[in-house]
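Every number here is computed from the coordinates shown, using simple stated rules; none is lab data. Nothing here was measured: the structure is a model prediction, and the numbers come from that model. Cβ sites come from the backbone with ideal geometry, for glycine too, and all protein chains shown count toward neighbours.
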Amino acid sequence: MKMQRIAMYVSLCIVWGSTWAVISVLVSHVAPMRSAAIRFVLAGLLLLPIALLRRVRWPVREEWRAIAVMSVLMFAIPYALIFWAEQRISSSLTAVLYAAMPLFMSVLTPLVNRRRVPRAAMQAILLGWGGLLLVLSGALNASGTQIGAAAAVLTSVVCQAFAALTAKRQLSKISPLMSNSLSMLAGGLFLSAGSALFERHVSSDWTRDAIGALWFLIIVASCYGFTGYFWLLQKMEPYKVATMQLIIPLVAIAEGALWLRERVPLLMLIGSGIVLASVGFVLRAGSHTDEPVSLLVEEVPAP
């Protein structure tokens, strides 16, 4: 089982390491909310029949509430903001900002799930983010016009951190295939309504690149990626799963070096080493420190 977790973790880092650049290609041709809406509606429609054929049980009342939260805070709001932001800032800068996910998740974990994040793990996450800033220091040249886009990305990170913790607490007994398909489908419908309202006069240019990027996002990044992500949330502490966001920008850099022959400076290699060391430390943090919080948050019965 441990090897399955490692394999899924690594594969998601590789898949989502390519996603930011693919989103950037798509939104250069198609309106952002429309792009995200099509992505998640089609992904949900592809996964739901598979879940039904496998006779996966439907959610109960409490799980339906959690899925509603997921559809809005994991998919609808964050991806409307992310797709919009990638029209204004680079994919590398978006990835750096998104790497704040484990920090926000560590802060929210005691409040949402009543579990204490080990202090050493929190320090390692901060060190890792510092290493990531070192890695991508050349890309961090945001101007005043980019501040709004950066704020949009950070807002999406907070939404998704809260949604992931909610899923950990309330969707642990339902198949990730079912919860993922329903959440994506509902989130895509919310995005469709937003696109119809705000983007009805915006045209789309469905080039071969745009269509290829869309299908990559549907099949690989959404159907495979989010189903694997939901599965990992059931098996690991959410703040540990979120450390993927520290590695994903490194994957993008590695892809550029291998296939585009881009130069990797020494400073970038040093920062990469810091990031990988911090992630390794967080993932190895002992489970005995992840004990229920009784002093910070009052214990209340689950709804």
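Quick notes
- Residues with amide H under 5 Å from that of ARG115, placed H, sequence gap 5 or more: VAL293
- Calculated on the Cα set of region 34-118, radius of gyration then Dmax: 16.5, 44 Å.
- In region 172-234, the chymotrypsin sites (Phe, Trp or Tyr not before Pro) that fall in loop regions by DSSP, at most 15 other Cβ within 10 Å: TRP206
- Percent breakdown of C-alpha pair distances by 10 Å bin, ordered from the shortest bin, for region 1-46: 23, 35, 30, 11, 1
- Judged by the mean number of other Cβ atoms found within 10 Å, the most tightly packed of the peptides 49-58, 170-179, 78-87 leads the ranking 78-87, 170-179, 49-58.
- MET33 sits among other residues whose Cβ lies under 14 Å from its own Cβ, and their net charge, with Lys and Arg +1 and Asp and Glu -1, is +1.
- The calculated P(r) of region 154-201, using every Cα pair and 5 Å bins from 0, goes 5, 17, 17, 24, 18, 10, 6, 2, 0 in percent.
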